[in-house]
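The values are calculated or read from the model by the stated rules, or taken from the named source; none is laboratory data. Everything quoted here is computed from the prediction, not taken from an experiment. So basically every Cβ, Gly included, is an ideal-geometry build from the backbone, and we count neighbours across all protein chains shown.
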Amino acid sequence: MSGIIQLLPDHVANQIAAGEVVQRPASVVKELLENAVDAGATEIRLVVKDAGKTLIQVIDNGIGMGQEDALACFQRHATSKIRKAEDLFDLHTKGFRGEALASIAAIAHVELRTRRSDDELGIKLQVEGGKFGELQQDVLPEGTSFSVKNLFFNIPARRNFLKSDTVELRHVLDEFQRVAFTHPEIAFYMHHNNSEVYHLPESNLRQRIVGIMGGRTNEKLVPIQEDTAIAGIRGFIGKPEFSKKSRGEQFFFVNDRFIRNGYLHHAVMAAYEGLLKEGFQPSYFIYLEVPAASIDINIHPTKTEVKFDDEQSLYAILRSAVKHSLGQFSVSASLDFERQPELDTPYDYHRKTSESPGIEVDEAFNPFASAGNMSLSPSATSSAPKTRTSSYLPKTETASWESLYVGLAQEEPSEPIASAMEFESEVKPLSLFEEKNTVSKTYQLHRKYIVNPIKSGMVIVDQQRAHQRVLYEQFLAGMTVHQASSQQLLFPLQLFFQPVEMACLEEMLPSLQSAGFGFSGFESDHVIIEGIPVSMTESETPIVLESLIADMGEGFGNSFSQNDRIAQSMAKSVAVKTGTLLSETEQQELVNALFACKEPMVSPFGKPTCITLSVEDIDKKFAL
Ligand code: ADP
Ligand code: MG
C-alpha cells in the first residue's frame, strides 16, 4: 500500500505561505515598498484605492528586471539578496526570504511592469492566483511597477476578515511611514483614492520626520546621538512637555528596519522617569545601527521582531543616551515635578504664539463669569447669586449644569501652585467663604466620594464615575437627536494631526458634529475648530480629541456603536476627576444629575457609580 503523505502542489503551498506573509493590504504595501528600496530606487510612489482592498501599486525607478528575473521573482524562495546561509548573518537588504512576491501572486491579481536601464523595451507580466499570463514586451519607463488588485479574491474568508477602510488605511499608512522614516534619501509619495496623502521629497532625517509627522513637530524634537562599539544611536526624541496620551509616535529602527521591542522601549521610558505626567507617552524616533551579525531578524515572518546579542548593554546605552539628550537640551529643568496634570497650561496655550489670555482678574468683578469658558458667561449675573456655582448656571436647569464641574477640574488646585493661571486660583477663597452659611446635605470624602444622607441610610457616590455617566448620557443624547448645543469659541482653535489621525477624525466627523463640535477647516494635517460641546472647555479640546483618536484606534469597547464609543471616550476625558474638590452645590447637582440618568447605577464602563448603606447595615456594624 502506498503512503498517504503527498507533497502539496506549489500554488497551495504558496497560498499557505501567503497566510503568514500577507495578513492585510498593509502587508503587501510593506513588501512592495521594501523591494523598491532594495532595488536602489531614488523615488517611490505608492498608489492605493479603497485602503488597498481594490488596488495597491508601487512604482519605483530602481534597477528593474530582465525577462528571466521577471518570471523568477514570483517563485517561492527566489531571491537575489542572499545566496548561502551565511549571508543571513550579514544582511544589508530589507528582503531576503524570497517569498513575498510568490505569496502575493498566489492570492491576488498582480501586474508587473519593469525595465532595466540598458534594455530598450520593458516587460509586462500578469499573475493571477499563481497562474502566469503571457509575458509581453512594451515601451516602459525605467524601474518597476507592481500593481496588486483584488487581494484575497480566492480566499473569501480572508477578504471578509478585513476591517473597515479606515482601519486598513491606518495600517497602510503605518507601513508607508515606517519605510519612509528610514530612507530620507529616497523621495516617497503616496496617493489614496486620487488624493495625495504624503509628498516627501529627498531630505535629511529631521526634515523627513517632520514631513511625516506634520504640523509643528520640528519644535518638539531633541536630537540624540551616541556611538559605541555595541551600537550607534541617532535620531530624535520628543520634549517631555509634548508627550501625548497615545503611544502613536514611538519608533525604533534597527539597521534601517522598523522593529518593536518592549525592552528597549522600557529603556527610553526609564530615561524620561519623573519628566512625564502620568499616563503620558513621549515621542521618539530612534535609529540603532548594530553590526549585522549581532542581530537575528529572522525570527518573525514580517521581521518586526529582532533579537540582539547583548540586549542588556544596549538597554544601558540607550537609556543614558536619552537621558543625556534630555539633560543637554535642559528639557528637564523647565519642568515642575509636583504639578497636577489638571493645572498644566492648556495645550492651546502652548500652541498659540502671541495671543495673551485676555483675562484680567479684578477682585470687584464676579470672577465666575470668566472662569471655565471664557466666552460663555451670559447668565453670570442673572440667576441665584448665593453660591459660586449657581452664579454661572445656564438659564434652563437641565441644559448644561455639567459645565460647572468641567471648569472646576481646572479651577481647584489641591495645593496652591504658582504656575496655575491666575484666574483659576482666584476663585477659591470666595467659594469657601460663601459656603460657610450653607446647610450641609452632602459631604465630600477624600475628594473622591460624595456622601449623601437618605431616608434609609446613605448613598456614597463615586464622583468621577458619576460624572462620566452624566456626561455620557448627555453626549449620547446630543448625538442621537443631533441637537447637542455647541459653544462658539472666541478664537478658532487650530489643531495639528497626522494623516492617520486625520483619517480617524474624518471617520468620526458626523458624530463629532452632532456632539457639538463645529469645524471650519478640515485640511490634510490640521483642523480648525470653531465650536465645541457646551460641557467642555477650550483647553480640554486637544486632549479630548487626542484621547478619542487613541481610544477609537484601540477598539475601545469594541462591541458598541461609534456614537457610543465617542460618548464614552469624551465622558472619560471631560469628567471631573478623583482628587477634585467640589463645592456643596456642585456635589448636590452632580448627585441629582446622576439620579436623573437613565442608568444611574453604572458608569459608561460598567463600573458601579454608587453604593448604599442602610441604617440597618450601620446598626449591624455597631452590634458587634
Ligand atoms: P526578497 O525581497 O525576499 O528577495 P521578494 O519575493 O520580495 O523576495 O522578491 C523576489 C526578488 O524579486 C527580489 O530578490 C528581487 O530580485 C526581485 N524584485 C522584487 N521587487 C523588485 C523591484 N521593485 N525592482 C527590482 N527587482 C525586484
Ligand atoms: Mg522582498
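Per-structure values
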{"item": "Selection status of residue 13, within 29 Å of the chain's Cα centre (by Cα) and either away from ligand 1 (no atom under 16 Å from the Cβ) or among the hydrophobic types (A, V, I, L, M, F, W, C) (or both)", "result": "no"}
{"item": "All helices (runs of 4 or more DSSP H) inside region 178-284 with 1 or more residues being at positive phi", "result": "none"}
{"item": "Which numbered condition residue 80 misses (of (1) closer than 25 Å to residue 181 by Cα; (2) touching a residue at least 24 places away in the same chain (Cβ under 8 Å); (3) polar (S, T, N, Q))", "result": "(2)"}
{"item": "Test set (1) near ligand 1 (Cβ under 8 Å from one of its atoms); (2) modelled with pLDDT of 95 or more - residue 45 fails condition number", "result": "(1)"}
{"item": "Matching strands (runs of 3 or more DSSP E) fully within region 444-527 where at least 1 residues are polar (S, T, N, Q)", "result": "449-454, 486-496, 518-522"}
{"item": "Unique residue being among the aromatic types (Phe, Trp, Tyr), at pLDDT 90 or above and touching a helix residue (DSSP H, G or I) at 6+ places or on another chain (Cβ under 8 Å) when the list is 89, 74", "result": "74"}
{"item": "Qualifying positions in region 228-260 - in contact with a Phe, Trp or Tyr (Cβ under 6 Å, 6 or more places away or on another chain), within 21 Å of residue 314 (Cβ to Cβ) and free of Cβ contacts under 8 Å to residues at least 60 places away in the same chain", "result": "234, 235, 236, 250, 259"}
{"item": "Matching residues, region 129-158, being in contact (Cβ under 8 Å) with a residue 60 or more places away in the chain and assigned to a helix (DSSP H, G or I)", "result": "158"}
{"item": "Residues (within 9 Å of ligand 1 (Cβ to nearest atom) and either free of Cβ contacts under 8 Å to residues at least 24 places away in the same chain or out of contact with any strand residue (DSSP E or B) (no Cβ under 8 Å at 6 or more places or on another chain) (or both)) located in region 22-42", "result": "31, 34, 38, 40"}
{"item": "Members of region 570-595 that are under 18 Å from residue 539 (Cβ atoms), outside any loop (DSSP other than H, G, I, E, B) and among the polar types (S, T, N, Q)", "result": "573"}
{"item": "Region 467-496 residues that are within 19 Å of residue 602 (Cβ to Cβ), paired with ones that are of a type in the set (D, E, K, R) and not in a loop (DSSP other than H, G, I, E, B) (beta carbon under 7 Å, 6 or more apart)", "result": "468/572; 470/402; 471/402; 474/402; 476/564"}
{"item": "Tally, over region 90-128, of residues that are assigned to a loop (DSSP other than H, G, I, E, B), among the polar types (S, T, N, Q) and within 15 Å of ligand 2 (Cβ to nearest atom)", "result": "1"}
{"item": "First in region 523-548 and of a type in the set (S, T, N, Q), second anywhere and not in a helix (DSSP H, G or I), Cβ under 7 Å, 6 or more apart", "result": "535/400; 537/372; 537/373; 539/346; 541/493; 541/529; 541/532; 547/245"}
